[in-house]
Amino acid sequence: MLNKSDRPVQIGSYPCGIFGTLRDLMGVEGSLMAFYDQHELVKDIMDYLTDFWIHLFEKVCKDVKVDILHIWEDMSGKQGSLISPAHIREFMLPNYKKFKDLCDKYDIPVFMVDTDGNCEELIPIFAEAGVNLMLPFEVAAGCDVVAWREKYPYMAMMGGIDKRDIAKGKEAIDRELERISPLLNKPGYFPALDHLIPPEISYEDYKYFVNRLIEMVKG
């Protein structure tokens, strides 16, 4: 049935990550300290998780044409990445290259990473491993998809629409959509909110946002 679907087929997402899952296992402080105090354990956990996820993913990929591999990390805060670029390259990139090999083996065109916060410094690093789409680019953390799509043309982006403005009524929604309008109808950008829909967004405001976005995309 999935092979006959005209909708994209995705594998991964939460809790399928390396740093993200390590953080859930050890806690934020515990996981960050472990990069210094228990670095061999961190490597073992990340290597095991990668092999485990790939083993599960292959069970699907052997029978289903997959379009998207989605790795969940949530490894950034407002000030940037929670670990250094050097740690990312040492502990994570070798495993990310295994994920890229999986994508190549099963012709999966989209290799996507989900990380909250300000992820700008991660864009070129993940690109080294073959990642070609990132999300959600939280505006409150300083993310600017309009500027960053121009600065990093090799990385497709999803999100970047400030969820807070969608809760403020039609005028705020119109302003926010106008802000990201230069990206609409251009390749490499998928318009979406910059995180989950918060409860303060009313149903009427969300409907207005969706319908207005559709109108703008259609021109």
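Numbers below:
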item: Test: Asp37 is surrounded by fewer than 18 Cβ atoms within 10 Å (Cβ to Cβ), within 22 Å of Pro124 (Cβ to Cβ) and either modelled with pLDDT of 95 or more or among the β-branched types (Val, Ile, Thr) (or both); result: no
item: Filter result (part of a loop (DSSP other than H, G, I, E, B) and of a type in the set (Lys, Arg)) within the stretch 40-84; result: Lys62, Lys65, Lys78
item: Whichever residue in the stretch 90-121 is in contact with an Asp or Glu (Cβ under 7 Å, 6 or more places away or on another chain) and under 24 Å from Gly160 (Cα atoms) and, among such residues, is surrounded by the most Cβ atoms within 10 Å (Cβ to Cβ); result: Val113
item: Complete set of residues in the stretch 56-94 that are within 27 Å of Gly142 (Cα to Cα) and among the basic types (Lys, Arg); result: Lys78, Arg89
item: Considering residues of the stretch 123-149 that are of a type outside the set (A, V, I, L, M, F, W, C) and under 13 Å from Leu93 (Cα atoms) only, the residue surrounded by the most Cβ atoms within 10 Å (Cβ to Cβ); result: Gly130
item: Verdict on His87 being surrounded by 15 or more Cβ atoms within 10 Å (Cβ to Cβ) and not in a helix (DSSP H, G or I); result: no
item: Where a residue in the stretch 197-219 is on the phi > 0 side of the Ramachandran plot and at pLDDT 95 or above and its partner, wherever it lies, is of a type in the set (Lys, Arg) and surrounded by fewer than 12 Cβ atoms within 10 Å (Cβ to Cβ), with Cβ under 6 Å and at least six apart; result: none
item: Among (1) farther than 24 Å from Gly142 by Cβ; (2) modelled with pLDDT of 95 or more, the one test that Arg175 misses; result: (1)
item: Residue count, the stretch 144-163 (criterion: in contact with a helix residue (DSSP H, G or I) (Cβ under 7 Å, 6 or more places away or on another chain) and either within 19 Å of Gly219 (Cα to Cα) or among the charged types (D, E, K, R) (or both)); result: 4
item: Residue among Ile83, Ile54 that is more than 17 Å from Asn132 (Cβ to Cβ), among the aliphatic types (A, V, I, L, M) and touching a Lys or Arg at 6+ places or on another chain (Cβ under 9 Å); result: Ile54
item: Criterion: in contact (Cβ under 8 Å) with a residue 40 or more places away in the chain and farther than 30 Å from Val42 by Cα - qualifying residue of Arg175, Arg164, Arg149, Arg179; result: Arg149
item: Conditions (1) under 26 Å from Met157 (Cβ atoms); (2) free of Cβ contacts under 8 Å to residues at least 40 places away in the same chain: number failed by Leu41; result: (1)
item: Residue tally, condition more than 19 Å from Ile125 (Cβ to Cβ), crowded, with 17+ Cβ neighbours inside 10 Å, in contact (Cβ under 8 Å) with a residue 60 or more places away in the chain and not aliphatic (A, V, I, L, M), over the stretch 53-84; result: 0
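The values are calculated or read from the model by the stated rules, or taken from the named source; none is laboratory data. None of the values given here were measured: they were computed from a predicted structure. Here the Cβ is made from the backbone with ideal geometry for all residues, glycine too, and neighbour counts use every protein chain on show.
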